[in-house]
Amino acid sequence: MENSTKIRLQKYLSSLGICSRRECEQLLLNKKIIVNDKIASLGIKVNERDEIIVNGKKIINHNVSQKYDYILLNKPKGYICTLKDPQGRKTIYDYIGLNKYLYSIGRLDYNSTGIIILTNDGAFANLMTHPSSNVEREYIAKLEKDLSTEDLNYLNSKNFILNGKKSIQKVNKLRDKIYSININEGRNHHIKNLFLAINNFVISLHRKKYGIFNDEDLKIGEWKILEDNEIKTQKKLLKNNE
């Protein structure tokens, strides 16, 4: 970010891995952020020349090459993907033992399992999740009942409308009641809603793949640090899609 460029404080802090945009908005509402000796309010824009204090701690950045973290987790069942939970449920951050904020790229429900990327690289996270990037996800779903030929053809057609918007996916039967779903977007509860639309229910859901990252070397509950060459490969693919 050039010195002359100012962006919203929420975006700026999230790009540094300080907090999510939603968490930043709450901090602003609670008057917990000071910018240049003044209490900040919603809508404020900043750059690296501004002095920013969050919860009494001065934020240091700025123009220094940052070492980013990239973690691949095969999420176990019974954890949520937010930093904190009002209901007191365990989070993936608790599970890994992280003491700093990282984005979770591609959140999964509490009872779902599968591949999640955790990083403090805000630009990478935004590209991975933005619809225009067309990053492929692969899911394995166990359904309440087998799909009819008609339902399967409908799901795989180019005429499937979900909540007023076209949804393109490829659904294949693997065995009784077990299906793979390949899709290039990630709306809220997308896979579950696909099957609800044809009066079927997802009993269990696992994300096998997100972009070039998959669960081949990770059992459920395992995690690893991603290699630089893996991140570079994915970033190159994202850049080609821009």
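The values are calculated or read from the model by the stated rules, or taken from the named source; none is laboratory data. The structure presented is a predicted model; accordingly, all values stated were derived computationally and were not measured. Cβ coordinates were reconstructed from backbone atoms using ideal geometry, including for glycine residues, and neighbour counts include every protein chain displayed. Protein only, heavy atoms only, side chains kept; ligands, DNA and RNA dropped before computing areas. Shrake-Rupley method; radii C 1.70, N 1.55, O 1.52, S 1.80 Å.
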When you check N47 against the structure, is it in contact (Cβ under 8 Å) with a residue 12 or more places away in the chain and open to solvent by 10 Å² or more (accessible area, probe 1.4 Å), yes or no?
no
Name the pairs whose Cβ atoms lie under 7 Å apart, with the first residue in the range 85-107 and within 16 Å of G221 (Cα to Cα) and open to solvent by less than 30 Å² (accessible area, probe 1.4 Å), the second among the aromatic types (F, W, Y) and not in a loop (DSSP other than H, G, I, E, B), and 6 or more positions between them or separate chains?
I96/W223
Residue hits (the range 161-191; under 12 Å from Y139 (Cα atoms), β-branched (V, I, T) and in a strand (DSSP E or B)) are V171, I178, I181, I183
Among the residues of the range 212-229, count how many are out of contact with any Gly (no Cβ under 9 Å at 6 or more places or on another chain) and assigned to a loop (DSSP other than H, G, I, E, B).
9
Give me a count of the residues in the range 193-210 that are within 19 Å of P131 (Cβ to Cβ), in contact (Cβ under 8 Å) with a residue 60 or more places away in the chain and open to solvent by 10 Å² or more (accessible area, probe 1.4 Å).
1
Answer with yes or no whether K38 is of a type in the set (K, R), surrounded by 15 or more Cβ atoms within 10 Å (Cβ to Cβ) and farther than 28 Å from R137 by Cβ.
no
Taking the conditions exactly as written (surrounded by 13 or more Cβ atoms within 10 Å (Cβ to Cβ), at pLDDT below 85 and closer than 18 Å to N120 by Cα), does S65 satisfy them or not?
no
Can we say K77 is at pLDDT below 80, open to solvent by 60 Å² or more (accessible area, probe 1.4 Å), closer than 26 Å to R187 by Cα and in a loop (DSSP other than H, G, I, E, B)?
no
L194 vs. criteria hydrophobic (A, V, I, L, M, F, W, C), in contact with a strand residue (DSSP E or B) (Cβ under 7 Å, 6 or more places away or on another chain), over 21 Å from L73 (Cβ atoms) and part of a strand (DSSP E or B):
no
Taking the range 12-41 only, how many residues are free of Cβ contacts under 8 Å to residues at least 60 places away in the same chain and part of a helix (DSSP H, G or I)?
10
Taking S167 as the residue in question, decide whether it is in contact with a strand residue (DSSP E or B) (Cβ under 6 Å, 6 or more places away or on another chain), open to solvent by less than 90 Å² (accessible area, probe 1.4 Å) and of a type in the set (S, T, N, Q).
no
